[in-house]
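The values are calculated or read from the model by the stated rules, or taken from the named source; none is laboratory data. Note that this is a predicted model, so its numbers are computed, not measured. With ideal geometry, Cβ positions are generated from the backbone for all residues, glycine too; neighbour counts draw on all protein chains shown.
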Amino acid sequence: MPFVLSCDLSHTSAAQNARRLAMKVIVPLAEGFEEIEAITIIDVLRRAEVDLTTASLKKNPVTGSHQIAVKADTLIKELDMVDFNCIILPGGMPGSENLKKDDTVLSYIKHIYSKGGYVAALCAAPIVLGKAGVLYGKKVTCYPGFETELVDVHYLEEPVVVDGSVVTGRGAGCAIPFALEMVDLLKGNDVMERIKNAMQVYWM
């Protein structure tokens, strides 16, 4: 059965295409992140030549929830949030809780959302978007059970949900369709289809 995306997007315009060219993405990595989700997001978006920076919150390398260490590009304190217009949060525990407790990550989310950039989160990480206050009234999904931490949202049991500039995904098994949806939003459908075909993602 094919994956179904729930989308609420306006038609692509020339202005949107121009905006895609300037998209710069940050992927924060917190201790205890879900490795499949983080690496899939990073890999798929870099295949699509998205300008993406991985940032550790405190120490580098960062150790995931399954004890796999990943070296981030830099520390988040070395970056300037004004340079970014998209943030993507991998889930996992305690990674999502560590992201939620980090004031810098919350500031990035609020800043990017306020200027119309994409804020995206997978698995348990939508709780971080909830803490940042950007989910009110939005259609969202997340790993089952964490929806109880989300206030005033329209929860959907779907692999990937897009509502305006907010993108959420359900879990590790949804990492590829989630990442491909981000490619579609950031680079366009033609690029997404090219990456999808190259990766033999034939089920969606």
Fill in: Only listed residue being more than 20 Å from I39 (Cα to Cα) and acidic (D, E), chosen from E181, E157
E157
Worksheet entry | Where T168 falls short, out of the listed (1) part of a helix (DSSP H, G or I); (2) surrounded by 17 or more Cβ atoms within 10 Å (Cβ to Cβ); (3) without any contact (Cβ under 8 Å) to a residue 60 or more places away in the chain | (1)
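Is it the case that E181 is in contact with a strand residue (DSSP E or B) (Cβ under 6 Å, 6 or more places away or on another chain) and assigned to a loop (DSSP other than H, G, I, E, B)? Walk me through it before giving the result.
Values: in contact with a strand residue (DSSP E or B) (Cβ under 6 Å, 6 or more places away or on another chain): yes; assigned to a loop (DSSP other than H, G, I, E, B): no.
Against the criterion (in contact with a strand residue (DSSP E or B) (Cβ under 6 Å, 6 or more places away or on another chain) and assigned to a loop (DSSP other than H, G, I, E, B)), E181 does not qualify.
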Worksheet item: When residues of the stretch 116-147 are filtered for being exposed (fewer than 14 other Cβ atoms within 10 Å of the Cβ) and either at positive phi or modelled with pLDDT under 95 (or both), how many remain?
Response: 4
Worksheet, complete the sentence: Here the residues within the stretch 25-70 that are surrounded by fewer than 22 Cβ atoms within 10 Å (Cβ to Cβ), assigned to a loop (DSSP other than H, G, I, E, B) and either on the phi > 0 side of the Ramachandran plot or among the acidic types (D, E) (or both) are E31, G32, E49, Q67
Fill in: Hits in the stretch 73-118 (condition: under 29 Å from P144 (Cβ atoms), aliphatic (A, V, I, L, M) and in a loop (DSSP other than H, G, I, E, B))
M93
